[in-house]
Amino acid sequence: MIFDLTPEERKAISALKRLAKKWPKSLWLFSASGTLWVMRCGEHGEEVFSGEGYDPDYIVESVDIQNAGGDW
């Protein structure tokens with residue numbers, strides 16, 4: 001499907017791509033229950049797990065951008 005994007009939408013996508021180029025290796029993003037979480041990596045740059053999933057002790061912040069998890 002092809003979409004005609006608004007100038008605002010194009011700017012937002014461009015800003016996200018610029019951010020991706022300078023995103024620190026010490027942080028990663030996790031999508032859970034509609035919330036986008038900024039997570040700290042473990043001491044070896046890994047995603048940190050606890051008993052049943054990702055370790056919430058490594059949450060740095062949440063970001064209010066609509067999202068969903070899963071795979072195609």
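Please treat every number below as a calculation from the coordinates, not as lab data. Since this is a predicted model, take the numbers as computed values, not measurements. No Cβ is skipped: glycine too gets one built from the backbone with ideal geometry, and neighbour counts run over all protein chains shown.
Here Thr6, Thr35 are placed in order of increasing Cβ neighbour count within 10 Å, fewest first, which gives Thr6, Thr35. Working note: 222 nm ellipticity from helices only, DSSP H runs with n ≥ 4, each -39,500 (n - 2.57), summed and divided by the residues of the chain, gives -7500 deg cm²/dmol to the nearest 500. Residue by residue, the range 44-53 carries 3J(HN,Hα) couplings of 10, x, 8, 6, 9, 9, 10, x, 10, x Hz when phi is fed to the Karplus relation 6.51 cos²θ - 1.76 cosθ + 1.60 (θ = phi - 60°); x denotes Gly or Pro.
Largest GNM mean-square fluctuation among Ser26, Ser50, Ser62, using the chain with Cα springs under 10 Å: Ser50. Taking chymotrypsin sites (Phe, Trp or Tyr not before Pro) across the range 1-62, the ones in a DSSP loop with at most 13 further Cβ atoms lying within 10 angstrom of their Cβ are Phe3. What you get for the chain, charging only the Cβ of Lys and Arg (+1) and of Asp and Glu (-1), is a dipole of about 580 debye around the Cα centre. Volume per residue for the range 24-65 equals 66 cubic angstrom (convex hull of Cα atoms). In loop segments of the chain as defined by DSSP, the GluC sites (Glu not before Pro) with at most 15 further C-beta atoms inside 10 Å of their C-beta are Glu43, Glu46, Glu47, Glu52. In order along the range 15-32, the Karplus-derived 3J(HN,Hα) couplings, from 6.51 cos²θ - 1.76 cosθ + 1.60 at θ = phi - 60°, round to 5, 5, 5, 5, 4, 4, 5, 10, 4, x, 5, 7, 10, 9, 10, 10, 9, 8 Hz, and Gly and Pro are given as x.
The charge dipole of the range 24-65, taken about its Cα centre with unit charges on the Cβ atoms of Lys, Arg (+1), Asp and Glu (-1) only, comes to about 140 debye. Only one residue of Gly69, Leu5, Ser26 has its Cα farthest out toward the positive end of the dipole of the chain, where Lys and Arg carry +1 and Asp and Glu -1 on Cβ, and that residue is Leu5.
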